[in-house]
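Trainee: Just dropping this structure here.
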Amino acid sequence: MAAVKVSTLRARIATAVDAVTGFSEAKAPYGMFLRDPATTLHKRFAVGPGSSDPPPSRQRVSEDLPVSTQFAIAYAFRLAPKDLVTSLDDALDAEQDIIQAVMAQNTTLWANATITYAAVAKREVTAIGEWYTGEIRLTVNHAIPLS
């Protein structure tokens, strides 16, 4: 397996989610997600890498290092005030569309990497019922270059 940088994987995941109808990447990075103006937040997402953990083995600078990198996809969906339940169902359907997009093995996303669905780590409706926000977690096994 050839080495793939974490930044490349983040961009590939973002491209896969961006292909889901209506979704677009937020202007702010993952750590600042939800800071986009409310007028543009509907169906926005951000992809953020977490830790990259190597297996317990000897590491050689002359070889690429196999790692498991955690990624999170945060997204927002506006709920219709007069039909919250139907809007929530639409948001859950959109969540499933995102999962299917990143798990589709026929994409360039999987080049020199394997992706495992880890969890839906967050499903929340804001206190005033205007937004549904969620977070999907993935584990990506790949190699990073050491030289």
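Where a number appears in this text, it was derived from the coordinates with a stated rule and is not lab data. Since the model is a prediction, treat every value here as computed from it, not as a measurement. Glycine gets a Cβ as well: all are built from the backbone with ideal geometry, and neighbour counts include every protein chain shown.
Trainee: Work through the residues other than Pro49 whose Cβ is under 14 Å from its Cβ and net out their charges, Lys, Arg +1 and Asp, Glu -1. Provide the component values of the computation, followed by the final result.
Mentor: Details: positive: Lys5, Arg10, Arg12, Arg137; negative: Asp53, Glu135.
Net of charged neighbours comes to +2.
Trainee: Please report the relative contact order for the range 41-119, taking Cα pairs under 8 Å with a sequence separation of at least 6, and give it as a percent rounded to a whole number. Intermediate results must be reported in sequence, preceding the final value.
Mentor: Numbers: 61 pairs, mean separation 21.7, N = 79.
Taking the mean separation of contacting Cα pairs over the length of the range 41-119, I get 27 percent.
Trainee: Around Gly129, under 15 Å between beta carbons, what's the net of Lys plus Arg minus Asp minus Glu among the other residues? Write down the numbers at each step before the final one.
Mentor: On the way: positive: Arg78, Lys82, Arg123; negative: Asp83, Asp89, Asp90, Glu124, Glu130.
Here the count lands on -2.
Trainee: Report, in degrees rounded to the nearest 10, the 0 to 90 angle that the Cα long axis of helix 84-103 makes with the longest principal axis of the chain.
Mentor: Taking Cα atoms only, the helix is inclined about 20 degrees.
Trainee: For Ala119, what charge total do you get from the other residues with a beta carbon under 14 Å from its beta carbon, if Lys and Arg give +1 and Asp and Glu give -1?
Mentor: +1
Trainee: To two decimal places, what compactness ratio does the range 18-70 give when its Cα radius of gyration is scaled by 2.2 N^0.38 Å?
Mentor: On the way: Rg = 17.1 Å, N = 53, 2.2 N^0.38 = 9.9 Å.
This ratio for the range 18-70 stands at 1.71.
Trainee: From the helices alone, meaning DSSP H stretches of at least four residues, give me the mean residue ellipticity at 222 nm for the chain, per-run term -39500 (n - 2.57), in deg cm²/dmol to the nearest 500.
Mentor: Values: 3 runs with 37 residues, N = 147.
When only DSSP H runs of four or more count, the value is -8000 deg cm²/dmol.
Trainee: Efficiency by 1/(1 + (r/R0)^6): what FRET value for Ile128 and Gln96, r their Cβ-Cβ distance, R0 = 35 Å, to the nearest 0.05?
Mentor: 0.85
Trainee: Stretched out fully, how many nm does the piece from Gln105 to Arg58 gain, at 0.36 nm a residue minus the Cα gap?
Mentor: Difference between extended and current length: 13.9 nm.
Trainee: Let me ask another. Can you tell me what share of the DSSP beta bridges in the chain is antiparallel? A percent to the nearest 5 is fine.
Mentor: Counting only bridges with both partners in the chain, antiparallel ones make up about 95 percent.
Trainee: Right, here's the next one. Could you tell me the ratio Rg/Rh of the chain? Both radii from Cα atoms, Rh via Kirkwood.
Mentor: On the Cα set of the chain, Rg over Rh gives 1.04.
Trainee: Angle, helix 6-18 long axis vs. longest principal axis of the chain, Cα atoms, 0 to 90°, nearest 10?
Mentor: Tilt relative to the chain: about 30 degrees.
Trainee: Further, regarding this structure: In terms of modelled amide H atoms, which long-range or inter-chain residues lie less than 5 Å from the amide H of Ala80?
Mentor: Answer set, sorted by chain and number: Ser87.
Trainee: Dipole size in debye (nearest 20) for the range 22-80 around its Cα centre, Lys and Arg Cβ +1, Asp and Glu Cβ -1?
Mentor: Charge dipole of the range 22-80: 260 debye, to the nearest 20.
Trainee: OK, next. Treat every Asp and Glu Cβ in the chain as -1 and every Lys and Arg Cβ as +1, leave all other atoms uncharged, and give the resulting dipole magnitude about the Cα centre to the nearest 20 debye.
Mentor: Working: 14 positive and 15 negative charges, 92 e Å.
The calculation lands at about 440 debye.
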